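Below: one structure, written as structure tokens.
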Amino acid sequence: MNRKEDFVPINSISLLSANNEASVDDLSSTEQIEQTQIKVATFNLFNYLAPPDAFYDFDRIYSAEQWQKKENWIASYLQKHQPDIIGFQEVFSIEALEVLVKKQGYEYFAVVDKPTVIDDFIHRDPVVALASKFPITEVATVSVDKELAVQLGLTETFNFSRQVVRATVELPHLGLCDCYVVHFKSKRASWQGEVDKLSSLEGNVLSQFKAQVAGGWASSIQRGSEATLLMMQMIERRAKKGNAMMLMGDFNNPLKDGILAHLVTPNMLFNNDQNQQRLVKFYTLRDAWDLYEANHQANKQMTGDANQEVEADKLLTRGATHYFGQSSSVLDYILLSSEFDAAEQSSYFEVSDYINTDKHLINPSFDVDGESTDHAVVSINLTLRK
């Protein structure tokens, strides 16, 4: 485990090559050592593409006014909440985002991929990125273990639908932390096979329905496989380096419904050896909301005011991060390793607050929120344990 009192200031990193890495020289930073809170956020930017380029179709282009409104909304969020580390999804305009975050005090920026560009102006396949106020010492993409993919019943050509960023960040008091930013495969039906084509209305409807069912499951297989292959690489990296871990992003799926539940597997099944189970905890991830809720319950037991307990419980409800029609769900997550779990004696930080910024979704003001995002922005406060 790394505990470092020296911090490494370097220039902003913007990497477009999956194999590039950045390292820094050791310089001390008293200001960072004294910092006792770290704020982390995950932010789906929703089609972040500067005009005159188009996203997905030739006519989907922001006007200058719309783009400025979107830029202002993002800057306003950063100014108000001031996360120290933030993972972004749906990034088309990489350079524009890097300029925006630098103006807000983020010296360090990491990206490992580029969007696809068709006909010189139509952009598809947005990428993920990470901005940090703390030094980034290394940046890399996460590769797929092809042998493991085949063992899982996948093909040798299987890959992440969006390349994963792994940025190693130098945190106050703790030291190196591997921060992963993801945007797992969406629930949009993905199906390349053929279905029966019939001439009748009922036949055509059934054909479309069958394609939807099969395509939806194909997307689930992709999404779950991405999470599994990523988790295997995170465990291997943890075993080699011992760095703390954060996994943040748009999961496009509730965490615990079965498709992605293995990301927060707490222990080994059918194993009663406590020493082995304690070892496994070093490699497991925790949902930041669960850690926040556990801390809330622990703090509540330490206070004797029943009225305060009732009021606090009313506020302890996890808000949705995405709405579709009449339904809502939590799709955006921050997962943390044991260094941020107050239940672990060896932890450095605890989750002291969890903020779900969703006013633009549930009570929007068009003048302000008209070009914001279709997801809530999730952020957490990590407080140094005494």
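Quick notes
- Filtered residues of segment 365-386 (kept if open to solvent by 20 Å² or more (accessible area, probe 1.4 Å) and not charged (D, E, K, R)): Ser365, Phe366, Val368, Gly370, Asn381, Thr383, Leu384
- Within segment 107-122, residues that are within 18 Å of Val181 (Cα to Cα) have Cβ atoms under 8 Å from residues that are open to solvent by 70 Å² or more (accessible area, probe 1.4 Å) and among the aliphatic types (A, V, I, L, M) in these pairs: Val111/Leu16; Val112/Leu16; Asp113/Leu16; Lys114/Leu16, counting only partners at least 6 apart in sequence or on another chain.
- Look at (1) open to solvent by 10 Å² or more (accessible area, probe 1.4 Å); (2) farther than 29 Å from Phe55 by Cβ and you find that Phe134 fails only one, number (1).
- Residue that is surrounded by the most Cβ atoms within 10 Å (Cβ to Cβ), among those in segment 341-364 that are polar (S, T, N, Q) and outside any strand (DSSP E or B): Ser347
- Residues (under 19 Å from Ser186 (Cα atoms) and at pLDDT 95 or above) located in segment 319-332: Ala320, Thr321, His322, Tyr323, Ser328, Ser329, Val330, Leu331, Asp332
- Against the numbered list (1) surrounded by 20 or more Cβ atoms within 10 Å (Cβ to Cβ); (2) in contact with an Asp or Glu (Cβ under 9 Å, 6 or more places away or on another chain); (3) not polar (S, T, N, Q), Lys256 comes up short only at (1).
- Selection count, segment 119-136, where residues are touching a strand residue (DSSP E or B) at 6+ places or on another chain (Cβ under 8 Å), farther than 23 Å from Lys103 by Cβ and outside any strand (DSSP E or B): 2
- As for segment 306-318, it holds at least one residue that is in contact with an Asp or Glu (Cβ under 9 Å, 6 or more places away or on another chain), over 30 Å from Arg237 (Cα atoms), at pLDDT 95 or above and not acidic (Asp, Glu).
- Filtering segment 146-180 to residues that are touching a residue at least 24 places away in the same chain (Cβ under 8 Å), open to solvent by 10 Å² or more (accessible area, probe 1.4 Å) and either touching a Lys or Arg at 6+ places or on another chain (Cβ under 7 Å) or at positive phi (or both) leaves Ser161, His173.
- Candidate set from segment 276-298 (those that are open to solvent by 70 Å² or more (accessible area, probe 1.4 Å) and basic (Lys, Arg)); member that is modelled with the highest pLDDT: Lys281
Results for (1) within 23 Å of Glu147 (Cβ to Cβ); (2) touching a residue at least 12 places away in the same chain (Cβ under 8 Å); (3) in a loop (DSSP other than H, G, I, E, B), shown as yes or no for each residue.
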position	(1), (2), (3)
Gln222	yes, yes, no
Ser225	yes, yes, no
Thr228	yes, yes, no
Gln233	yes, yes, no
Met246	no, yes, no
Gly249	no, yes, no
Phe270	no, no, yes
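- Enumeration of residues in segment 54-94 that are touching a residue at least 40 places away in the same chain (Cβ under 8 Å), outside any helix (DSSP H, G or I) and surrounded by fewer than 17 Cβ atoms within 10 Å (Cβ to Cβ): Tyr56, Asp57, Phe58, Gln82
- When Thr42 is tested against (1) closer than 28 Å to Asn356 by Cβ; (2) open to solvent by 10 Å² or more (accessible area, probe 1.4 Å), just one condition goes unmet, and that condition is (2).
- The number of residues in segment 30-39 that are within 27 Å of Tyr180 (Cβ to Cβ) and either open to solvent by 70 Å² or more (accessible area, probe 1.4 Å) or not in a strand (DSSP E or B) (or both) comes to 6.
- Selection within segment 259-275: residues that are more than 22 Å from the chain's Cα centre (by Cα) and of a type in the set (A, V, I, L, M, F, W, C). The member of this set that is least open to solvent (accessible area, probe 1.4 Å) is Met268.
The values are calculated or read from the model by the stated rules, or taken from the named source; none is laboratory data. Note that the structure is predicted; figures quoted are calculated from it, not measured. No Cβ is skipped: glycine too gets one built from the backbone with ideal geometry, and neighbour counts run over all protein chains shown. All accessible areas refer to the heavy atoms of the entire protein, side chains included, with ligands and DNA or RNA removed. Shrake-Rupley method; radii C 1.70, N 1.55, O 1.52, S 1.80 Å.
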